[in-house]
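Have a look at the structure below, then the notes.
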Amino acid sequence: MAKRPSNRARNIWTLDLLNIQPADRVLEVGCGPGFALTAAAARLPRGRILGLDHSAVMLQQAEVRNRAEVKSGRIELRLGNLDTAVAPMEAFDKIYWVNVVQFLDDKDAALARLFDALVPGGILATTYVPRGRGAHRADALVMA
Ligand SMILES: C[S@@+](CC[C@H](N)C(=O)[O-])C[C@H]1O[C@@H](n2cnc3c(N)ncnc32)[C@H](O)[C@@H]1O
């Protein structure tokens, strides 16, 4: 995932949509191997980003890829499921998730949880690319 050009491009596209500001507090849900965390942290000279994933293997890859930023505290990694891991007290200016929404059983509940974790005026970006033979834009619109 971290190496495929199309996946890297859609992660960068998602970050561009968020208009990340230098001091933003950002959450990536389902950060996987942490490619987008690296790119987001580069846009956050005074801010911080939390990467959440329920896979220890993915988080380990994200940590290796972002060792310096994790050490400095600019990137925080958290093992956990979206259903339980985002504490209600945390507030984020920007939240994004790329190709994660399709894995959630209760998408409405997950989205409500993420909206609750946004500061007023914050932005949530959901990126989803349908897979499979003949996948089409219409399939993405069904998910939307
Ligand atoms: C297809 S990968 C996408 C990874 C990354 N966002 C990217 O675009 O390269 C989906 C990721 O979401 C994580 N994930 C799926 N459901 C999750 C959940 N309920 N809570 C936390 N992470 C989840 C998986 O472990 C995996 O790393």
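The values are calculated or read from the model by the stated rules, or taken from the named source; none is laboratory data. Fair warning: this is a prediction, and the values are worked out from it, not measured in the lab. Cβ: placed from backbone, ideal geometry, glycine included. Neighbour counts: every protein chain shown.
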Practice task
Enumerate the pairs (first residue in the stretch 49-72 and free of Cβ contacts under 8 Å to residues at least 12 places away in the same chain; second residue anywhere and away from the ligand (no atom under 11 Å from the Cβ) and assigned to a strand (DSSP E or B)) with beta-carbon separation below 8 Å, excluding pairs fewer than 6 apart on the same chain, so at least 6 apart or on different chains.
Solution key: Val70/Glu76; Val70/Leu77
Practice task
With respect to Pro5, determine if the residue is surrounded by fewer than 21 Cβ atoms within 10 Å (Cβ to Cβ), farther than 24 Å from Leu111 by Cβ and touching a residue at least 24 places away in the same chain (Cβ under 8 Å).
Solution key: no
Completion exercise
Going through (1) at pLDDT 90 or above; (2) surrounded by fewer than 17 Cβ atoms within 10 Å (Cβ to Cβ) one by one, Ala135 fails only at (1)
Exercise for the section: Report yes if some residue within the stretch 8-19 is loosely packed, with under 14 Cβ neighbours inside 10 Å, away from the ligand (no atom under 15 Å from the Cβ), touching a residue at least 40 places away in the same chain (Cβ under 8 Å) and within 17 Å of Lys94 (Cα to Cα); otherwise report no. Expected result: yes
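Quick check: is even one residue across the stretch 77-86 among the hydroxyl-bearing types (Ser, Thr, Tyr), loosely packed, with under 13 Cβ neighbours inside 10 Å and either within 11 Å of the ligand (Cβ to nearest atom) or closer than 18 Å to Arg113 by Cβ (or both)?
Restricting attention to the stretch 77-86, the residues satisfying the condition of being among the hydroxyl-bearing types (Ser, Thr, Tyr) are 84.
Cutting the leftovers down to loosely packed, with under 13 Cβ neighbours inside 10 Å gives us 84.
Checking the rest, the ones that are also either within 11 Å of the ligand (Cβ to nearest atom) or closer than 18 Å to Arg113 by Cβ (or both) come to 84.
Checked against the condition, which is being among the hydroxyl-bearing types (Ser, Thr, Tyr), loosely packed, with under 13 Cβ neighbours inside 10 Å and either within 11 Å of the ligand (Cβ to nearest atom) or closer than 18 Å to Arg113 by Cβ (or both), the stretch 77-86 yields at least one hit.
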Practice task
Check Val70 against each of (1) more than 11 Å from the ligand (Cβ to nearest atom); (2) under 28 Å from Ala140 (Cβ atoms); (3) touching a strand residue (DSSP E or B) at 6+ places or on another chain (Cβ under 8 Å) and name the one condition it does not meet.
Solution key: (2)
Problem - The one condition in (1) surrounded by 14 or more Cβ atoms within 10 Å (Cβ to Cβ); (2) outside any strand (DSSP E or B); (3) away from the ligand (no atom under 14 Å from the Cβ) that Leu111 fails to fulfil - result: (3)
Exercise for the section: Mind listing just one residue for me: the one in the stretch 120-138 that is touching a residue at least 60 places away in the same chain (Cβ under 8 Å) and assigned to a strand (DSSP E or B) and, of those, nearest to the ligand (Cβ to nearest atom)? Expected result: Thr127
Completion exercise
If you go through Leu59, Leu50, the only one that is near the ligand (Cβ under 9 Å from one of its atoms), within 22 Å of Phe103 (Cβ to Cβ) and under 13 Å from the mean Cα position of the chain (by Cα) is Leu59
